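Heads up: the structure comes next, in structure tokens.
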Amino acid sequence: MNDQQSRQQELMLKGAAWMTASNLISRLLGALYIIPWYGWMGSHAAEANGLFTMGYNIYAWFLLISTAGLPVAISKQIAKYNTMGQEEKSFALIHRFLKLMLILGVAFAVVMYLAAPLFASGSGVGSELTPVMQILAWAVLIFPAMSIIRGVFQGYNNMRPYAMSQIAEQVARVIWMLVATFLIMQLGNQDYIAAVTQSTFAAFVGMIASVALLIFALNQEGLLRPILAASSQELEGGSQLVIETLKEAIPFIITGSAIQLFQIIDQNTFINVSRWFANTSKTDLLVLFSYFSANPNKVSMILIAVASSVGGVGIPLLTENFVKKDLGAAAKLVIDNLSLLLTFLIPATLGSLLMGRALYTFFYGQPQGQSLELFVWAMSFTLLLGLYTVLAPMIQALYENRLAMLYFLYGLGVKLLLQIPFIWMFASYGPLLSTGFALILPCILMYRKIHEVTRLNHKRLMKRVVLISLMTVIMAMVTSLSQFLLSLVIGVDSRLGSLVHLAVVGGISVYVYAWMALKTNHLDRVMGPQANRLRRLLRIS
């Protein structure tokens, strides 16, 4: 491995470490809040979580549209121009797009507020969802500009401020959610819709905290002044640069919206279509939606967050190699990125399935009806979702934007084609199955194109996948045996018992898997020198 590749691997791993840590902390906070929040909602818990998720699905879609994929595209352009020694172009682009995103934020916030009744009606729920969506417009107002600043740090391969801003956002958000919900449901009038509305307003509070931290970090890194000074500079070809960046951004928004768009399709079809085929009440269908969408998403997104961290960190480095026409280094980055992703995601997904009851009970209490079965089914698709999350930005880092959009459209077509017949045949399992089938095709096509462009060593990657799979099977046997033995002492029918199982069995499983990965030198191949630090930490020679 030459010095350039070593530097890039170190940058990728450092960035991945920061983003993985921040995403895990943020997602854990976003999942752990559900324990008191769900309890305080009382008999309306499942309905409240369903409303909350429906509001957030539309909100997240607006965030994707309002940023137009620009943060990742900006980071890609910064990496490109800095590599070419044209840093002044980076500053001019950042300044121009900050102003553009402020305008987009206002425009999309107004649209979301005014269109909220229409979205609520389309979801099959009604007017109780309208205030939940309308109050989220405040967060849409400032998110686009905030996301551009995050893209700046990503472009400079400095993920620490990006990561810290995510943590600050989530901490402030969760504090507001829990305090507001407690005051309304425990000390106030127990209006659960008002509590859900305040819980979604917490997104705006969190973003205020994030923006404050990002601006402080820009100043500390010496980037704030050059960005502001760029307003007085007349950059040659500035309009062309803006157009070029927008062209780069559009594919990111289209392909990056797949998972969110599929969830919105579920939201707008499940209740409405189910009532064509079964005489089920709106409330019962909302509860089922919560079981297969809202509840598992809180946990599966913790795992997918790691996937997006790994995929996002590697984009500027992959672009840098592609611009330099160093396809060997690009191929190695792809293999390392995918290996790092699968090293975590394959055992994490299987472990989550094996410990599904403990996970569900810890977050939501004793399973009711179909809740556990739907939870496990939804979690089983995590690996596929994670793969798509990494492959989509990766293929665009290689400037295959048109194909990335085409592959996304193939997947969307499959989703739309299968959605209604699958709801008819499989009821609440139908949306999960249609999403699974819809993601398989683009994942295969994107990997084939990446392989074609970079000429990566397919056999080397497959050897790593086989090794990861074997280690995962051994870990799964240890997990099953540990669960069985521990269940003789303490069951998983309470939150305390589930927590003990997650801590003890999870800890044993992680250690066994890490031990095997270090003993076989697998982690050395994907983490480089960082693997030795893990050896010392776990005391594995």
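Tell me the trypsin sites (Lys or Arg not before Pro) within region 377-467 that lie in a loop according to DSSP and have at most 12 other beta-carbon atoms within 10 Å. Write down the numbers at each step before the final one.
On the way: sites: ARG402, LYS415, ARG448, LYS449, ARG455, LYS459, ARG460, LYS463, ARG464; in loops: ARG455.
Those that pass, being in a loop and sparsely packed, are ARG455.
Cα convex hull of region 50-161: how many Å³ per residue? Working shown, then result.
Numbers: hull volume 9.9 nm³, N = 112.
Hull volume over Cα atoms, normalised by residue count, gives 89 Å³.
For the chain, which whole-number percentage of the solvent-accessible area (1.4 Å probe, protein heavy atoms only) is attributable to carbon and sulfur atoms? Let's see the in-between values first.
Working: 14550 of 22070 Å².
Taking all protein chains in place, the chain shows 66 percent carbon and sulfur surface.
Which whole-number percentage describes the relative contact order of the chain, with Cα contacts under 8 Å and a sequence gap of 6 or more?
Working: 753 pairs, mean separation 102.0, N = 541.
Relative contact order of the chain: 19 percent.
Quantify how much of the Cα-Cα distance distribution of region 439-527 extends past 14 Å, in percent.
Values: 2874 of 3916 pairs.
Looking at region 439-527, the distances longer than 14 Å represent 73 percent of pairs.
Dipole of the chain, Cα-centred, from +1 at each Lys and Arg C-beta and -1 at each Asp and Glu C-beta, to the nearest 20 debye?
Details: 36 positive and 23 negative charges, 283 e Å.
Taking the Cα centre of the chain as origin, the dipole is about 1360 debye.
Kindly provide the helix-only [θ] at 222 nm of the chain, computed as the sum of -39,500 (n - 2.57) over DSSP H runs of four or more divided by all residues, to the nearest 500 deg cm²/dmol?
Details: 24 runs with 453 residues, N = 541.
Computed ellipticity for the chain at 222 nm equals -28500 deg cm²/dmol.
Could you sort out which of LYS247/LYS415; LYS332/LYS459; LYS332/LYS449; LYS80/LYS463; LYS247/LYS449 sit more than 22 Å apart by Cα distance in this structure? Intermediate results must be reported in sequence, preceding the final value.
Values: LYS247/LYS415 26 Å; LYS332/LYS459 13 Å; LYS332/LYS449 15 Å; LYS80/LYS463 33 Å; LYS247/LYS449 20 Å.
Distance filter (> 22 Å) returns LYS247/LYS415; LYS80/LYS463.
I'm spelling it out carefully: the read-out is volume of the Cα convex hull per residue in Å³, the candidates are [x] 193; [y] 207; [z] 149, and one was derived from this structure. Which label?
Read-out taken from this structure: [z].
Counting only heavy atoms of the protein chains, get the accessible area per residue of the chain (1.4 Å probe) and round it to a whole Å² value. Before the final figure, lay out each step's value.
Numbers: 22070 Å² over 541 residues.
Accessible surface, normalised per residue, equals 41 Å².
Counting Lys and Arg as +1 and Asp and Glu as -1, what is the net charge of the other residues whose Cβ lies under 14 Å from the Cβ of ILE540?
Details: positive: LYS519, ARG533, ARG535, ARG536, ARG539; negative: ASP524.
Neighbour charge sum, excluding ILE540 itself: +4.
With a ≥ b ≥ c the root eigenvalues of the C-alpha gyration tensor of region 127-182, is it rounded (a/c under 1.5), prolate (a/b larger than b/c) or oblate? Intermediate values should be presented prior to the final figure.
Values: a/c = 4.61, a/b = 1.75, b/c = 2.64.
In terms of gyration-tensor shape, oblate.
The values are calculated or read from the model by the stated rules, or taken from the named source; none is laboratory data. Since the structure is predicted, the reported quantities are computational estimates derived from the model, not experimental observations. Glycine also receives a Cβ, built like all others from the backbone with ideal geometry; neighbour counts cover every protein chain displayed. Protein only, heavy atoms only, side chains kept; ligands, DNA and RNA dropped before computing areas. Shrake-Rupley method; radii C 1.70, N 1.55, O 1.52, S 1.80 Å.
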